[in-house]
């Protein structure tokens, strides 16, 4: 499904106050990460160099946003015991934090009473959602955007509740 949604970079560059990201899947099959994930599975090595070609664009984007005063937060709801993919993601999150993101983890069993949207999302400045759509095996199939007031309210409340319950990255122990 082709997407004509603005890129994360475009939206982050236009953002003035806050960018929050809620991830709710236990596995992502994103093509751009496939080789790095496979290497991690085989060797235990993961790219955590903020200046590497895989990370530098993201680190630059987030660092510039944070320098402008934008708060960038990412929360992940995860099943425990965690999947190999979540272990991989946890191992590389040090780069997200280095870039200026605040990251927290919420065990799925603690999310049972939270009204959650059906898809992962980014919410920019509490008014624009960029939905991420994934296939059953975690492959990215597209994005779209919405400024629907009810959807924005759901996403903002869901993120805030997850954030309040979640464990900061440096304190979260993989189970």
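The values are calculated or read from the model by the stated rules, or taken from the named source; none is laboratory data. Note that the coordinates shown come from a computational prediction; the quantities given were computed from them, not determined experimentally. A quick note on method: Cβ atoms are made from the backbone with ideal geometry, for glycine too, and the neighbour counts reach across all protein chains shown.
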Problem - Candidates 125, 147, 120 - the one that is surrounded by 13 or more Cβ atoms within 10 Å (Cβ to Cβ) and over 19 Å from residue 70 (Cα atoms) - result: 120
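Residues to consider are 97, 103, 145, 141; find the one that is in a helix (DSSP H, G or I) and in contact with a strand residue (DSSP E or B) (Cβ under 7 Å, 6 or more places away or on another chain). So that I can check it myself, show each step before the final result.
Values: 103 fails: in a helix (DSSP H, G or I); 145 fails: in a helix (DSSP H, G or I); 141 fails: in a helix (DSSP H, G or I).
Answer to the check: 97.
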Handout entry: Pick from region 37-56, criterion in contact (Cβ under 8 Å) with a residue 24 or more places away in the chain and under 13 Å from residue 90 (Cα atoms), ranking: surrounded by the fewest Cβ atoms within 10 Å (Cβ to Cβ)
Key = 48
Fill in the blank from the handout: Those residues of region 159-170 which are in contact with a helix residue (DSSP H, G or I) (Cβ under 9 Å, 6 or more places away or on another chain) and under 22 Å from residue 12 (Cβ atoms) amount to 162, 166, 169
Practice task
Output the qualifying pairs, or none if there are none: Cβ atoms under 6 angstrom, residues six or more apart or on different chains, first residue in region 104-115 and closer than 23 Å to residue 91 by Cα, second residue assigned to a loop (DSSP other than H, G, I, E, B).
Solution key: 104/166; 105/166; 105/172; 106/166; 107/80; 108/79
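Could you tell me whether residue 174 is over 16 Å from the mean Cα position of the chain (by Cα) and modelled with pLDDT under 95? Outline the logic, then answer.
Values: over 16 Å from the mean Cα position of the chain (by Cα): yes; modelled with pLDDT under 95: yes.
Considered against the rule, which asks whether it is over 16 Å from the mean Cα position of the chain (by Cα) and modelled with pLDDT under 95, residue 174 comes out as yes.
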Practice task
Taking the options 72, 59, 82, 66, name whichever one is crowded, with 16+ Cβ neighbours inside 10 Å, in contact with a helix residue (DSSP H, G or I) (Cβ under 8 Å, 6 or more places away or on another chain), closer than 24 Å to residue 137 by Cβ and modelled with pLDDT of 95 or more.
Solution key: 82
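Every residue, every condition in (1) within 19 Å of the chain's Cα centre (by Cα); (2) more than 16 Å from residue 124 (Cα to Cα), yes or no:
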residue: 36; (1), (2): yes, yes
residue: 43; (1), (2): no, yes
residue: 48; (1), (2): yes, yes
residue: 54; (1), (2): yes, yes
residue: 58; (1), (2): yes, yes
residue: 66; (1), (2): yes, no
residue: 72; (1), (2): yes, no
residue: 75; (1), (2): yes, no
Problem - From the options 32, 19, 91, residue that is part of a strand (DSSP E or B) and on the phi < 0 side of the Ramachandran plot - result: 19
Exercise for the section: Would you point out the residue of region 150-169, among those that are surrounded by fewer than 16 Cβ atoms within 10 Å (Cβ to Cβ) and free of Cβ contacts under 8 Å to residues at least 40 places away in the same chain, that is farthest from the chain's Cα centre (by Cα)? Expected result: 150
Completion exercise
Of the residues in region 128-138 that are within 11 Å of residue 30 (Cα to Cα) and touching a strand residue (DSSP E or B) at 6+ places or on another chain (Cβ under 7 Å), the one that is surrounded by the most Cβ atoms within 10 Å (Cβ to Cβ) is 134
